[in-house]
Amino acid sequence: MNDLNAILAPGMLVTHPNHPEWGKGQVQSNAGGRITINFPDQGKVVFNSAQVALIPVFDPS
C-alpha cells in the first residue's frame, strides 16, 4: 500500500495526480487497499492504493 494513501480517512479531500480536472474528491472509505473517492464531476471512483498515489488537500479553498 502507498504510505501516503494509508493516512487517508473518510471526509478528507484529495486530488488525483493524473486527473486534476476531476477537482477535489472526498474520501468515502479506505480499507483493504481500496480507496473510494467521491469527485464532484466524476462521481464515486474506487482505486487500488498500490496503483495510484492520491494527493491530500489540506487547504479546501
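Bear in mind that the values in this text are calculations on the coordinates, not laboratory data. All values reported here derive from a predicted model rather than from experimental measurement. Quick reminder, even Gly has a Cβ in these numbers, built from the backbone with ideal geometry, and neighbours come from all protein chains shown.
Numbers at a glance
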{"read-out": "Ascending count of other beta-carbon atoms within 10 Å, so fewest first, for 29, 49", "value": "29, 49"}
{"read-out": "Chain lengthening between residue 48 and residue 12 when straightened (0.36 nm per residue, less Cα-Cα)", "value": "11.2 nm"}
{"read-out": "Sum of side-chain charges, residue 27 neighbourhood, beta-carbon under 13 Å (Lys, Arg +1; Asp, Glu -1)", "value": "+3"}
{"read-out": "Low-density loop cleavage sites - chymotrypsin sites (Phe, Trp or Tyr not before Pro) in the chain, where at most 11 other Cβ are within 10 Å (DSSP)", "value": "58"}
{"read-out": "Neighbour net charge for residue 39 - beta-carbon separation under 14 angstrom, K R +1, D E -1", "value": "0"}
{"read-out": "Normalised contact order of the chain, rounded percent, pairs of Cα under 8 Å and 6 or more residues apart", "value": "36 percent"}
